[in-house]
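Worksheet: the structure to be examined is printed underneath.
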Amino acid sequence: MGTPGEGLGRCSHALIRGVPESLASGEGGAGAGLPALDLAKAQREHGVLGGKLRQRLGLQLLELPPEESLPLGPLLGDTAVIQGDTALITRPWSPARRPEVDGVRKALQDLGLRIVEMGDENATLDGTDVLFTGREFFVGLSRWTNHRGAEIVADTFRDFAVSTVPVSSPSHLRGLCGMGGPRTVVAGSSEAAQKAVRAMAVLTDHPYASLTLPDDAAADCLFLRPGLPGMPPFLLHRGGGDLPNSQEALQKLSDVTLVPVSCSELEKAGAGLSSLCLVLSTRPHS
């Protein structure tokens, strides 16, 4: 969502998917050994997120309906990597999650994006292992994403450098670090998060400021430049009700407007903030 000279570019649309009842049943979160959720609370959190994307940030919100056969469907940030008018449809590590990409693919096609498929069945890629800084991509090599998946990211987005970063924790890369501004990387304080940031610093040719946050989950944030004239850049982040220890550090990001949201209930299903929406810069065909 950016160009080399512009950093992270201006956004016009956000895509989310509703929370199904199957996520709340012990079987939904599922089969993956996740705890049962408070469905009403999870849906409230999801509704507030959608409202802030639409009303506070001024994005056109597109909401896919929940699908009971896809309990982890709300984590649609894992299903695509988007930059400019190109969407790479991912191949999630878990075969049970691969049908999640179908509805996302259609929605992005309807928006006029160029769709790239991952045809290699040896490749795995979750979208939340991919961090785009506005200048380059970092792809986390994790439980969910392998080298072949990272190679396909590089093949798809040839105008940008693509580097791989080992993830030494049961997390996605964007569960450890994110962009807190056009030139600022924020990262959690765990050894895994700090190791990832050190690796990124060695690999990049671009100077980034860095900010360490007490909580790794606080670094899973979204820096957004809304497309409406005169609107400042925003940082969508986990609020004090979720992560109180990181709020003071986030206040140091003085060049953004902080927009707090909660996903503490959805987090029980493995959701990070960046996994709950796809943000893009495009306009639907008339």
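The values are calculated or read from the model by the stated rules, or taken from the named source; none is laboratory data. If you're wondering where the values come from, they're calculated on a predicted model, not measured in any experiment. Here the Cβ positions follow ideal geometry from the backbone for every residue, glycine too, while neighbour counts run over all protein chains shown. Surface areas here come from the heavy atoms of the whole protein model, side chains and all, with no ligands, DNA or RNA. Shrake-Rupley method; radii C 1.70, N 1.55, O 1.52, S 1.80 Å.
Some points to look at:
- Reported count of residues in region 228-257, each being without any contact (Cβ under 8 Å) to a residue 24 or more places away in the chain and either open to solvent by less than 20 Å² (accessible area, probe 1.4 Å) or not in a helix (DSSP H, G or I) (or both), is 7.
Per-residue answers, yes or no, for (1) under 25 Å from residue 195 (Cα atoms); (2) in contact (Cβ under 8 Å) with a residue 12 or more places away in the chain:
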site	(1), (2)
101	no, yes
107	no, yes
114	no, yes
123	yes, yes
133	yes, yes
136	yes, yes
142	yes, yes
149	yes, yes
155	no, no
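- Answer from 158, 148 - the residue that is over 23 Å from residue 188 (Cβ atoms), assigned to a loop (DSSP other than H, G, I, E, B), modelled with pLDDT of 95 or more and of a type in the set (Lys, Arg): 158
- Scanning region 254-274 for residues that are within 17 Å of residue 174 (Cβ to Cβ) and not hydroxyl-bearing (Ser, Thr, Tyr) returns 261, 263, 266, 267, 269, 270, 271, 272, 273.
- Among the residues of region 165-199, those that are over 19 Å from residue 144 (Cα atoms), buried (at least 21 other Cβ atoms within 10 Å of the Cβ) and not β-branched (Val, Ile, Thr) comprise 179, 180, 187, 188.
- Tally of residues being within 19 Å of the chain's Cα centre (by Cα), open to solvent by 10 Å² or more (accessible area, probe 1.4 Å) and either under 13 Å from residue 217 (Cβ atoms) or small (Gly, Ala, Ser) (or both) across region 262-286: 7
- Restricting region 35-79 to residues that are assigned to a loop (DSSP other than H, G, I, E, B) and within 11 Å of residue 266 (Cβ to Cβ), the residue that is most open to solvent (accessible area, probe 1.4 Å): 38
- Qualifying residue in region 216-226 (condition: more than 19 Å from residue 257 (Cα to Cα), modelled with pLDDT of 95 or more and part of a loop (DSSP other than H, G, I, E, B)): no
- When residue 232 is tested against (1) under 23 Å from residue 53 (Cα atoms); (2) in contact with a Phe, Trp or Tyr (Cβ under 8 Å, 6 or more places away or on another chain), exactly one condition is not met: (2).
- For region 135-164, a residue qualifies if it is crowded, with 22+ Cβ neighbours inside 10 Å and within 19 Å of residue 180 (Cβ to Cβ), and the qualifying residues are 138, 140.
- Criterion violated by residue 243 - all others in (1) among the aliphatic types (A, V, I, L, M); (2) within 30 Å of residue 66 (Cα to Cα); (3) in contact with a Pro (Cβ under 7 Å, 6 or more places away or on another chain) satisfied: (3)
- Test: residue in region 188-195 that is in contact with a Pro (Cβ under 7 Å, 6 or more places away or on another chain) and in a loop (DSSP other than H, G, I, E, B): yes
- Odd one out for residue 105 among (1) in contact with a strand residue (DSSP E or B) (Cβ under 6 Å, 6 or more places away or on another chain); (2) among the basic types (Lys, Arg); (3) assigned to a loop (DSSP other than H, G, I, E, B): (3)
- Complete set of residues in region 80-100 that are under 16 Å from the mean Cα position of the chain (by Cα) and surrounded by 18 or more Cβ atoms within 10 Å (Cβ to Cβ): 80, 81, 82, 83, 87, 88, 89, 90, 91, 92, 100
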